[in-house]
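Below: the structure, in structure tokens.
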Amino acid sequence: MLVQPSVARRLGELARRRAPREVGGVLLGSQRPRAPRIDSYVELRNIADGGSAFRADPRELRSWIYPSGRSPSLAVGFFHSHPAAPARPSSLDSRAAACGYWHGIIGQSGDLRLFVRERPGTPLRDLDVRSEPELAE
Ligand SMILES: [Zn+2]
């Protein structure tokens with residue numbers, strides 16, 4: 001799993017800017033088995049009361065899961081922040097995480113960790129997040 005370093009850094013900065021509210025959105029990239037990677041993200045509006053949790057507008061979310069002409073990319077995962085907790089899934093995160101998607105959590109220190117549930121009924125697995133050097137333009 002490769003995460004562009006600029007993406008990991010910007011997600012940490014975004015989480016810090018939105019604190020104490022949780023922030024969340026979709027992760028974009030590729031789930032090709034030989035080259036899984038995250039290249040960018042899109043922040044989604046948090047419609048949870050008070051912002052102490054993250055809940056996306058289902059219609060907004062759907063447009064990234066079932067893209068039409070307006071959204072060019074397919075979501076490979078989702079992310080949200082834990083402004084006052086480490087980057088570990090809460091029990092709600094563990095119950096709610098959909099199979100086959102990557103679930104990114106940004107902890108209070110700005111670190112990004114990724115988790116995946118490979119099959120229904122199995123626990124979330126911690127993915128090794130390796131950043132790769134960015135290509136010079
Ligand atoms: Zn959480």
At 222 nm, what value in deg cm²/dmol follows for the chain if DSSP H runs of at least 4 each add -39500 (n - 2.57) and the sum is divided by all its residues, to the nearest 500? -6000 deg cm²/dmol
Would you mind ranking ILE47, ILE105 so that the residue whose beta carbon has the fewest other beta carbons within 10 Å leads the list? ILE47, ILE105
Note, region 37-51: 3J(HN,Hα) by Karplus (6.51, -1.76, 1.60, θ = phi - 60°), whole Hz, Gly/Pro = x, goes 7, 10, 9, 6, 8, 10, 6, 10, 5, 8, 9, 6, 4, x, x
Simple SL model, points at 7 angstrom along Cα→Cβ for ARG32 and ARG16; separation in nm is 3.4
Arranged by the count of other C-beta atoms within 10 angstrom, fewest first, what order do PHE79, PHE115 take? PHE115, PHE79
Hz values of 3J(HN,Hα) by residue in region 117-128 - Karplus curve (6.51, -1.76, 1.60), Gly and Pro given as x: 10, 7, 9, x, x, 9, x, 5, 10, 6, 8, 7
Semi-axes of the equivalent ellipsoid for the chain, Cα gyration tensor, largest first, Å: 20, 18, 17
Output wanted: per-residue J couplings in Hz (rounded whole) for region 91-103, from phi through Karplus 6.51 cos²θ - 1.76 cosθ + 1.60, θ = phi - 60°, x for Gly and Pro. 5, 5, 4, 5, 6, 8, 5, 6, 4, x, 9, 8, 10
Going 7 Å from the Cα of ARG119 in the Cα-to-Cβ direction, what parts of region 80-112 have a backbone nitrogen less than 15 Å from that spot? 99-100
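Throughout, read-outs are computed from the coordinates displayed, never taken from laboratory work. Bear in mind the structure is a predicted one, so any value in this text is a computation, not a measurement. Ideal geometry is used to build each Cβ from the backbone, glycine not excepted, and the neighbour counts take in all protein chains shown.
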